[in-house]
Amino acid sequence: MRIQLENFTKTFGTTNVIEDMSLDIASGEMLALLGPSGCGKSTTLFAICGIHKMDGGRLLFGERDVTTVPSQGRNVGVVFQNYALYPHMSIYENIAFPLKIRKQNKHDIDRKVSAIADLVHITELLDRKPAQLSGGQQQRVALARALVREPDVLLLDEPLANLDAKLRLEMRSEIRRIQQQTGITAILVTHDQVEAMSMCDRIAIMNKGSIVQLSEPRYMYDNPASAFVAGFMGNPP
Ligand code: ADP
Ligand code: MG
């Protein structure tokens with residue numbers, strides 16, 4: 001689904017954290033929000049999922065204006081850095097949970113959980129508990145739980161930050177594969193430009209609450225619009 005953020009502003013106390021920010025994300029696109037710590041990436045995701053109210057601007061999911069719709073009324077899948085699986089539930093129950101609270105029937109739940117488990121390659125783990133899984137496996141479960149109710153948009157906030165280098169490489173291509181196979185619109189928040197370049201269709205570079213450049217990865221790499229962008233794209237962390 002197409003996601004449009006128009007003239008978004010956000011203030012905490014007297015500080016303008018986001019200043020007149022606009023984004024237009026095509027259906028099926030994966031966009032990176034890339035920028036240094038504190039530039040407003042997570043604040044933007046929190047506004048899109050409805051955890052934070054917007055102080056100004058508009059948010060559209062397709063044709064639907066969701067600016068004032070509370071988070072329960074939005075169909076958004078989230079995977080955040082400190083993804084918390086429910087420790088006392090099996091993997092099956094973790095993934096089924098978003099469907100159970102929406103009172104779907106058992107047959108539909110079974111069908112959807114097995115389809116998504118198949119897609120993210122965790123079919124053989126459904127009877128286990130989260131503590132019995134590796135970090136990468138838990139991340140796959142978190143993705144499955146976010147995707148099982150076919151959200152309008154998938155929000156990923158530094159999803160690879162807690163993984164070791166080898167797993168991070170593997171999960172980069174896995175997340176991209178899953179995003180492309182489902183055709184879901186996705187926003188990836190990261191401060192790692194290699195991650196943004198390798199996973200996303202376009203990159204929005206943020207600095208101090210504004211987007212300073214938005215383009216395809218290769219174009220941005222070759223044509224940085226400012227010294228800030230050049231420095232950010234050119235210096236792997
Ligand atoms: P990023 O995700 O890019 O690292 P954030 O969106 O988390 O940045 O934060 C952007 C700015 O807003 C930072 O300066 C942060 O200190 C401030 N901020 C975030 N959340 C709050 C809050 N609940 N109250 C006050 N300031 C906040
Ligand atoms: Mg953040």
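Each reported figure results from applying straightforward, stated rules to the coordinates on display, with no laboratory input. Since this is a predicted model, take the numbers as computed values, not measurements. Every residue, glycine as well, gets a Cβ built from its backbone with ideal geometry; the counts of neighbours run over all protein chains shown.
Quick look at the numbers
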read-out	value
Net charge over other residues, Cβ less than 11 angstrom from the Cβ of ASP152 (K, R count +1; D, E count -1)	+3
Cα-based convex hull volume of the chain per residue, rounded to whole Å³	126 Å³
Packing-based order for 221-231, 19-29, using average beta carbon neighbours within 10 Å, highest first	19-29, 221-231
Estimated D of the range 1-126 in µm² per second, where Rh is the Kirkwood radius over Cα pairs and Stokes-Einstein applies at 37 °C, 0.692 mPa s	195 µm²/s
Structure-based [θ]222 nm, the chain - -39500 (n - 2.57) summed over DSSP H runs of at least 4, per residue, nearest 500	-10500 deg cm²/dmol
Cleavage-rule hits (trypsin sites (Lys or Arg not before Pro)) in the range 66-171: DSSP loop, at most 13 neighbouring Cβ within 10 angstrom	ARG102, LYS103
Highest to lowest packing among 152-163, 5-16, scored as the average C-beta count within 10 Å	152-163, 5-16
Distance from the range 139-205 to the range 11-74 (C-alpha centre basis), Å	18 Å
Potential lengthening between SER90 and ASN207 on full extension [0.36 nm per residue; Cα-Cα distance subtracted]	38.0 nm
